[in-house]
Amino acid sequence: QLEELARLAEATGRHEDLLALLDVAARAGAEPATRRDALRRRAAVCESRLQDPERAFQEWTRSLALDPRDAEALENARRLAGTKGLWRQLDALYAELWDRAASVAERIALARARHALHAEQLQDPSGALDQLLVIHRLDPDQPGLADQLQGAADALGAWGRLLPVLEARVRALGAEADPEQLCRVAALQEEKRQDRENAISWIEKAVYER
């Protein structure tokens, strides 16, 4: 019945009828593979037959709800977001995928994607800094992260947000903290916040560690 209706829709343009039938196949109760196939077909109809990239984006989002590690679905969602400027919707999708991520590596990749989205398409430097801070929390030794954080804090005048994070990181290391890290915090306290007293305190800690 489905294939027959697909042929009929192609011949007569009754694509909404086909979408309705595919929606039934995509709903809970069917096998996951059947549901994903139905959503892929719905996305294709929305994009190629109805010329509606926003609806197609929504179908790929539904597919990712079934399998958050579906690389094809994510790539198509990104492509369609670019076509239609669905940047807020893409950011919301990244946030949903974050909640379902199974590893730190997946979460870092999603935070990187959100950082780029906020920095470029959304023109939201504060939101971009938020994502850099998320990455720092997950893995402070990420390549290039320190320079990105410093550049963002300088651009926004947001050292009041960044320095407490850097301090907390050094404190968490305890005796394992490198004196150079302590000195770096001290230098930033004096240079960026003109907090000479706090800077001296950090320098004293660095001397003690040596």
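The values are calculated or read from the model by the stated rules, or taken from the named source; none is laboratory data. All of these numbers come straight from a predicted model, not from anything done at the bench. Ligands, DNA and RNA are excluded from the accessible area calculation, which covers all protein heavy atoms including side chains. Shrake-Rupley method; radii C 1.70, N 1.55, O 1.52, S 1.80 Å.
Rounded, prolate or oblate: pick one for the stretch 86-201, where a ≥ b ≥ c are the square roots of the eigenvalues of its C-alpha gyration tensor, a/c under 1.5 means rounded, and failing that, prolate if a/b is larger than b/c, else oblate. Show your work: numbers first, answer last.
Working: a/c = 3.13, a/b = 1.67, b/c = 1.88.
Taking the square roots of the gyration eigenvalues as a ≥ b ≥ c, the stretch 86-201 is oblate.
Using alpha carbons only, how many degrees (0 to 90, rounded to 10) separate the axis of helix 53-66 from the longest principal axis of the chain?
Roughly 70 degrees, rounded to the nearest 10.
Using only Cα atoms, find the angle between the long axis of helix 71-84 and the longest principal axis of the chain, and express it within 0 to 90 degrees, rounded to the nearest 10.
90
Return one whole number: the accessible area per residue of the stretch 84-190 in Å², for a 1.4 Å probe.
Roughly 49 Å² per residue, with all protein chains present.
Hey, if we sort Cys46, Cys183 by accessible area with the 1.4 Å probe, largest down, what's the order?
From most exposed to least exposed: Cys183, Cys46.
If one takes the longest principal axis of the Cα atoms in the chain, at what angle in degrees, from 0 to 90 and to the nearest 10, does the Cα axis of helix 125-138 lie?
80
State the percentage of accessible surface on the chain attributable to carbon and sulfur atoms; use a 1.4 Å probe and exclude ligands, DNA and RNA.
Reported share for carbon and sulfur atoms: 49 percent.
Tell me, what ³J(HN,Hα) does each residue in the stretch 92-104 have, in order and in whole Hz, if you take phi through Karplus 6.51 cos²θ - 1.76 cosθ + 1.60 with θ = phi - 60° and put x for Gly and Pro?
5, 5, 4, 5, 5, 5, 4, 4, 10, 5, 9, 8, 4
With a 1.4 Å probe and all protein chains left in place, how much accessible area per residue does the stretch 1-80 have, in Å²? Present the calculation step by step, with values, prior to reporting the outcome.
Working: 4430 Å² over 80 residues.
With all protein chains present, the stretch 1-80 gives 55 Å² per residue.
Which distance in Å, rounded to a whole number, links the C-alpha centroids of the stretch 67-87 and the stretch 4-66?
16
Sorted by accessible area with a 1.4 angstrom probe, largest first, how do Glu72, Glu180, Glu197 fall?
Glu197, Glu180, Glu72
Run lengths n ≥ 4 of DSSP H only: what is the helix-derived mean residue ellipticity at 222 nm for the chain, with -39500 (n - 2.57) per run over all residues, to the nearest 500?
Theoretical 222 nm ellipticity from helices: -25000 deg cm²/dmol.
Would you mind classifying the stretch 18-95 by shape? Square roots of the alpha carbon gyration tensor eigenvalues, ordered a ≥ b ≥ c; an a/c under 1.5 is rounded, otherwise it is prolate if a/b is larger than b/c and oblate if not.
Note, shape of the stretch 18-95 comes out oblate.
Given that just one value was derived from the coordinates, which of (i) 68, 37, 26; (ii) 80, 31, 21; (iii) 64, 48, 32 is Cα extents along the principal axes in Å?
Derived directly from the coordinates: (ii).
Just check the stretch 1-53 against the gyration tensor rule for me: Cα atoms, a ≥ b ≥ c as the square roots of the eigenvalues, rounded for a/c under 1.5, and otherwise prolate or oblate depending on whether a/b exceeds b/c. Write down the numbers at each step before the final one.
Details: a/c = 2.42, a/b = 1.45, b/c = 1.67.
Oblate.
What do you reckon, how do Asp124, Asp178 stack up by accessible area (1.4 Å probe), largest on top?
Asp178, Asp124
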